[in-house]
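First up is the structure itself, then whatever we jot down about it.
What follows draws every value from the coordinates through simple rules; no lab data is involved. Computed from a prediction, not measured in an experiment: that's the story for all the values here. Methodologically, a virtual Cβ is constructed for each residue, glycine included, from the backbone with ideal geometry; neighbour enumeration extends over all protein chains shown.
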């Protein structure tokens, strides 16, 4: 990640996660994704930060409000990324965030959009398989 402010924010979030301060870490993610300057970061840096949260392992059970709100804050960023770049992985992350906030209909649409793109590119890819599983699950 090239931007020092982004690096510092991610470092702080990871530190909170390691300390077991889950809600504080997700409040940090929410603040990061909601900040006006987040969208000014390089696309790959945005994706890396989003992947850290979206693909993180979480304790089982009902997610806390902080976890849900961090995912809600990521949705507008992912909508923009998916629309601008058409990357199937962006659609997968968008769908996962939409599932987390309880919008399974939108998640299904996102997973299907990503699957259609990835099928055209590489129907044998791991991402294609993952998207097919997500489509089947919602």
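Below, the figures for the structure above:
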read-out	value
Between 0 and 90°, nearest 10: helix 22-34 axis offset from the chain longest Cα axis	70 degrees
Pairwise label distance in nanometres, residue 34 with residue 80, each label 7 Å out on the Cα-Cβ vector	1.6 nm
Ratio Rg/Rh [Cα only; Rh per Kirkwood] for segment 63-138	0.98
Scattering profile of the chain at q = 0.17, 0.18 Å⁻¹ [log10 I(q)/I(0), Debye over alpha-carbon scatterers]	-0.91, -1.01
Viscosity 1.306 mPa s, 10 °C: Kirkwood-radius Stokes-Einstein D of segment 33-80 over Cα pairs, µm²/s	138 µm²/s
Taking the chain and dividing mean pair separation by its residue count, relative contact order in percent (alpha carbons under 8 Å, at least six apart)	18 percent
Between 0 and 90°, nearest 10: helix 126-137 axis offset from the chain longest Cα axis	90 degrees
Using alpha-carbon coordinates, inclination of helix 88-100 to the longest axis of the chain, degrees	70 degrees
Overall Cα dimensions of segment 1-48 - principal axes, largest extent first, Å	29, 18, 15
